[in-house]
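Reviewing the structure listed below.
The values are calculated or read from the model by the stated rules, or taken from the named source; none is laboratory data. Note that this is a predicted model, so its numbers are computed, not measured. Neighbour counts are summed over all protein chains in view; Cβ atoms, including those assigned to glycine, are modelled from backbone coordinates with ideal geometry. Calculation scope for accessible area: heavy atoms of the full protein, side chains included, ligands and nucleic acids excluded. Shrake-Rupley method; radii C 1.70, N 1.55, O 1.52, S 1.80 Å.
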Amino acid sequence: MKYIIFEDQAGHAVPIIFPDKIGHAEMREQMPYGTVRSCGYVEFGADNRFQCHGDCQELEARSLDGDAETIAAAFGREEL
C-alpha cells in the first residue's frame, strides 16, 4: 500500500493509506490538505508492526522516521 501524511489546518498529522495502483500525485490532487509532510509505501509486517519506506519525486517527499508510529496511532495502536 502507499501512504501520504498530510498536515491539517491545526498542524496535526493526517495519514491517508491507499492502493499501490493509485499514484501519490493522483491521490494528492484529491485531498483538501495543504501540506504534504511525507509519503511512501507502508506494509504491515510479520512482527505486527507498520514499516514505511520509499518516496515520490512528483511530490518531492519521502518516508520519514516516525511515519510508522503516526500511521499506527491513526489505527488506535501504539508501535512497540
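Numbers below:
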| read-out | value |
| --- | --- |
| Whichever residue in region 2-51 is hydroxyl-bearing (Ser, Thr, Tyr) and within 13 Å of SER63 (Cβ to Cβ) and, among such residues, is nearest to the chain's Cα centre (by Cα) | TYR3 |
| Any hit, region 18-26, residues being at pLDDT below 95 and open to solvent by 70 Å² or more (accessible area, probe 1.4 Å) | no |
| Residues located in region 1-11, provided they are open to solvent by 50 Å² or more (accessible area, probe 1.4 Å) and either among the basic types (Lys, Arg) or closer than 17 Å to GLY66 by Cα (or both) | GLU7 |
| Test: THR70 is under 15 Å from ILE5 (Cβ atoms), hydroxyl-bearing (Ser, Thr, Tyr) and in contact (Cβ under 8 Å) with a residue 60 or more places away in the chain | yes |
| Residue ranges of strands (runs of 3 or more DSSP E) in the chain with at least 1 members touching a Leu at 6+ places or on another chain (Cβ under 6 Å) | 35-44 |
| Test result for GLU79, modelled with pLDDT of 95 or more and among the acidic types (Asp, Glu) | no |
| Flag if VAL14 is in contact with a helix residue (DSSP H, G or I) (Cβ under 7 Å, 6 or more places away or on another chain) and surrounded by 10 or more Cβ atoms within 10 Å (Cβ to Cβ) | no |
| Residue, modelled with the lowest pLDDT, within region 39-49, restricted to residues that are closer than 17 Å to PHE75 by Cβ and open to solvent by less than 30 Å² (accessible area, probe 1.4 Å) | GLY45 |
| Residue match in region 27-38 (condition: open to solvent by less than 60 Å² (accessible area, probe 1.4 Å) and either among the hydroxyl-bearing types (Ser, Thr, Tyr) or without any contact (Cβ under 8 Å) to a residue 24 or more places away in the chain (or both)) | yes |
| Residue list for region 33-60, restricted to those being small (Gly, Ala, Ser) and more than 12 Å from ILE5 (Cβ to Cβ) | GLY34, GLY45, ALA46, GLY54 |
